[in-house]
Amino acid sequence: MRSVSKGVNGKRTLIPVGPFHPLQEEPEFFQLWVEGETVVDMDLRISYNHRGIEELSTRKTFDQVPYLVERVCGICSSTHPLAYIRAVETICGCEVPPRAKYQRTMVTELERIHSHLLWVGLAGHFLGYNTVFMWAWKYREPIMEILEKITGNRCAYANAKIGGVRRDIPNELFDDIVRAVDSCWGPTEMLTNAVLDDPVLHARLVDVATLTHEDAIRYCVTGPTARASGVPIDVRRDDPYDAFDLVDWDVITFPEGDVMAKAKVRLLETFEAIKIVKQAVRDCPNGETDAGVEEVPPGEAIGHVEAPRGETFHYVRSDGGRCPVRHKIRAPSYVNVPSFRASCIGQHVADVTIAMAAVDPCYSCTERMAVTKDSKTGNELMDAKELQELSVQRTRWFEKQLGIEPFDKRWGPKLQELLA
Amino acid sequence: MSDTATPSVIERFETKLCDEHAICETRKERQGVYSVPIAKLVPLLRDFISNDNARLATITGIDVRDGTELLYHLCFDDHKYVATLKVLVPRTVDAMESITPWLPGAEFIEREIHDLLGIDFTGHPRMERLILSDDWPEGVYPLRRGFKKEDAQP
Amino acid sequence: MNWKFWSLKKSLFVYHVNAGACNNCDIEILELLTPAYDVERFGIILVGSPRHADVLLVTGVCTRQVKKRLQELYLQTAKPCVVMCIGACALAQGIFAEAYHVGPCVDEVIREVDPNAIIAYVPGCPPKPEAMIMAVVKTWQKLDELAAAEPKPVAPALPEVAGA
């Protein structure tokens, strides 16, 4: 852990981040309380994206709900319907035909590849490493194209339905899928090597915003965020669905919990996803793709699947009618985001950027600064003079760390000469 | 890799639950719903989470005739099992003991239920509005039965 | 030719506003800026502040919480500013039209603060990147029309230079 300069008189500065901020995908409003450059407290206000899908879902029929829930999040648009469908299939007690299982697996894993590459790109963007951003987004393009080819849309695939898949992926397209994922392997390998070798990325990512094993359990985090903190949970293994227990793959875990570990988990998972897709294509049997579910009996069940960001959890209750009585949706970020409190407090303001991005609800740097009064206590947080004093103090600290002479000594006489 | 839940462990959970007067409502291959007396819920959750490696997935709130049902979904990841503990919060009470003080991961989940269903979680450190807009009227809960969009005009 | 519109056309600076979208449109917008579609070659670039923006790319339904902030963002942009409603939600709220936490349509929200706002609509859920490029081209054509319709500004006469 790096040492951090203390604030002037222990006063705090409030840095509002959002609700609309460059680079970020979603509107969220963070308030960072900082002392010097250390974040000492933070708060989050959401609601900007709240549309009321859970209530809307009870007014749609069972067959319409998948279209609605795939619009919960566009990047996880195959996993939300799948979690809902798993819940409804458990209520019905129906058996999905094997061909449908394999095809669902293909689409979910293709989505995981494009989502992880998207994250790597955005993480690079947040760090100011735009080459990685451009590369990663270029390499995910073949995946988007193959998804369009096999499902009909680049995002929002609508491929799964209760009891099977809506549209069969013809065998002729299987070769294209293999070609697309193969074209992804090499670039991902190159990206992984670039990330693991780069000393600058090491400096920015290692030991930054560490989420300890204990905190990961206390905050109930899921997905890559948990696996990077040494919590080996993965719904694909812990509650296997579709074809995940029929193909061979590994759960990637790292014990460190820092941002680097999260990047490594995601990059290595991309390879696992490519392996799964290739095996699913190889093993996919011929046959029916729809169990033909007509009615949903009364009952209640949960369904959960592993989205690229973690566990997507749905609960459905039916009273035997046409629409669900209650449909609860819990997206993975909802449990991953609060872990900011454990990982970001005590960090440098500059590192919070990537720390927030690390759990993958993209968030970026702290650009605007306000000098305000704390609404609760009425204490003035920090004024302009103190801020300037602080920045001078900070420069001195850096000069000392780097072993260079203070600016005044190096440039003072020269400056005087020039001005004279 | 076995495909079903570990039976012996599930039996142990169920014995633990039955000792606390819980009733098994539904039992599927890898998930079950148990109705639990309201006073026993928090000790049971605490026991499962600290001793049995359970993970709180989320809490579902459902508005029913006599009050609000709260469903605590616990994932036993090591045993391929998801247990749902169900309690009924009577309409006259509309309050529940918060689990956030010892499980910070529940903070947002409880605040969401507070916003959408009007359940007060006692002992919660920040029981503030989280997911409804600033101009949303107080005392209007969108997931309660009989809610109309017109009631929520600013 | 009106200089205001003529200069607006040259290099469009876009600012992206997610007004409660599902990220589908947003990742497609980013897709536009990355090598696969690369609209930077036409001078279109994403900027970090609405004050620099010529175009406001609005995605999503405009939730109740976002409404006021969206108006504020629009007022902060330099005028003339083109608002592009991207995707079915921004057009007419799409699948979320009946949800309880949704405000008015994006164009209504913008027109509330500026009745003469220039608004372009890109349908699709999400629109394909090609469709968005098409929308930009059409916006350019529209700006040309607007520029032609406005009276040509008269260049100020240069002062006589003594002894020239």
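Taken together, the values in this text are just the output of simple stated rules run on the coordinates, not laboratory data. If you're wondering where the values come from, they're calculated on a predicted model, not measured in any experiment. Positions of Cβ are backbone-derived with ideal geometry, glycine not excepted, and every protein chain shown enters the neighbour counts.
Radius of gyration over Kirkwood radius for region B:7-140, both on Cα atoms: the Rg/Rh ratio is 0.98. Remark: mean inter-chain Cβ contacts per residue of A:39-48 equal 4, using a 10 Å Cβ-Cβ cutoff to other protein chain atoms. The HN-Hα couplings worked out from phi for region A:108-124 by the Karplus form 6.51 cos²θ - 1.76 cosθ + 1.60 (θ = phi - 60°) are 4, 6, 4, 5, 4, 4, 5, 5, 5, 5, 4, 5, 4, x, 5, 4, x Hz, whole numbers, x standing for Gly and Pro. With both residues required to sit in region B:6-154, DSSP beta bridges show an antiparallel share near 75%. For chain C, the share of DSSP beta bridges that are antiparallel, to the nearest 5, is 5%. The value for region C:19-94 of Rg(Cα) / (2.2 N^0.38 Å) is 1.12. Taking the inverse of the mean reciprocal distance over all distinct Cα pairs, the Kirkwood hydrodynamic radius of region A:291-360 comes to 14.8 Å.
The convex hull around the C-alpha trace of region C:3-149, projected and averaged over every direction, spans 8.0 square nanometres. A protection proxy built from the mean count of other Cβ atoms within 10 Å ranks the segments A:188-194, C:91-97, most packed first, as C:91-97, A:188-194.
Between region A:215-240 and region B:7-80, how far is it from one alpha carbon centroid to the other, in angstrom? Using only Cα atoms to place each centre, the spacing works out to 20 Å.
Rounded to whole numbers, the Karplus 3J(HN,Hα) couplings from phi for region B:139-148 are x, 10, 10, x, 9, 7, 5, x, 6, 10 Hz, using 6.51 cos²θ - 1.76 cosθ + 1.60 with θ = phi - 60°, and x at Gly and Pro.
Need one number: the % of Cα-Cα pairs in region A:53-332 sitting beyond the 23 Å mark.
53
Across the options C:Ile44, C:Ala92, C:Gly124, the greatest Cα extent toward the positive end of the charge dipole of region C:3-149 (unit charges at beta carbon of Lys, Arg, Asp, Glu) belongs to C:Ile44. Dipole size of chain C about its Cα centre, with +1 on Lys/Arg Cβ and -1 on Asp/Glu Cβ: approximately 240 debye, rounded to the nearest 20. The value obtained for region C:66-145, namely the Cα convex hull volume divided by the number of residues, is 92 Å³ per residue. Each residue, C:Glu112 and C:His52, gets one label point 7 Å from its Cα in the Cβ direction; the gap between the two is 2.9 nm.
Please state, rounded to one decimal and in Å, the Kirkwood hydrodynamic radius that region A:145-223 gives when every pair of distinct Cα atoms enters the mean of 1/r. Intermediate values should be presented prior to the final figure.
On the way: mean 1/r = 0.0595 Å⁻¹.
Taking every pair of different Cα atoms in region A:145-223, averaging 1/r and inverting gives 16.8 Å.
For region B:7-140, the dipole from Cβ point charges (+1 on Lys and Arg, -1 on Asp and Glu) about the Cα centre works out to 460 debye, to the nearest 20.
Taking every DSSP beta bridge that has both ends in the protein assembly as shown, the antiparallel portion is near 70%.
For region C:3-149, relative contact order (Cα pairs under 8 Å, six or more residues apart, normalised by length) works out to 27 percent.
Distance from the C-alpha centroid of region A:271-316 to that of region B:105-144: 32 Å, rounded to the whole angstrom. From the residues A:Val65, B:Met127, A:Ile85, which one has its Cα farthest along the dipole of the protein assembly as shown in the positive direction, the dipole being from +1 and -1 charges on Cβ of Lys/Arg and Asp/Glu about the Cα centre? The residue sitting farthest along the positive end of the dipole is B:Met127. Listed cross-link partners C:Lys67/C:Lys138; A:Lys328/C:Lys67; A:Lys138/A:Lys278; A:Lys60/A:Lys264; B:Lys148/C:Lys67 are compared with a 29 Å cut-off, the Cα-Cα value being larger for A:Lys60/A:Lys264. Counting only other chain Cβ atoms within 10 Å of each residue's Cβ, the peptide B:80-87 averages 3. Peptide A:328-338 is shielded by partner chain Cβ atoms: per residue, an average of 4 of them sit within 10 Å of its Cβ. Relative to the 2.2 N^0.38 Å rule of thumb, the protein assembly as shown has a C-alpha radius of gyration ratio of 1.00. Modelled this way, with points 7 Å down the Cα-to-C-beta line, the labels at A:Glu172 and B:Lys40 are 6.2 nm from one another.
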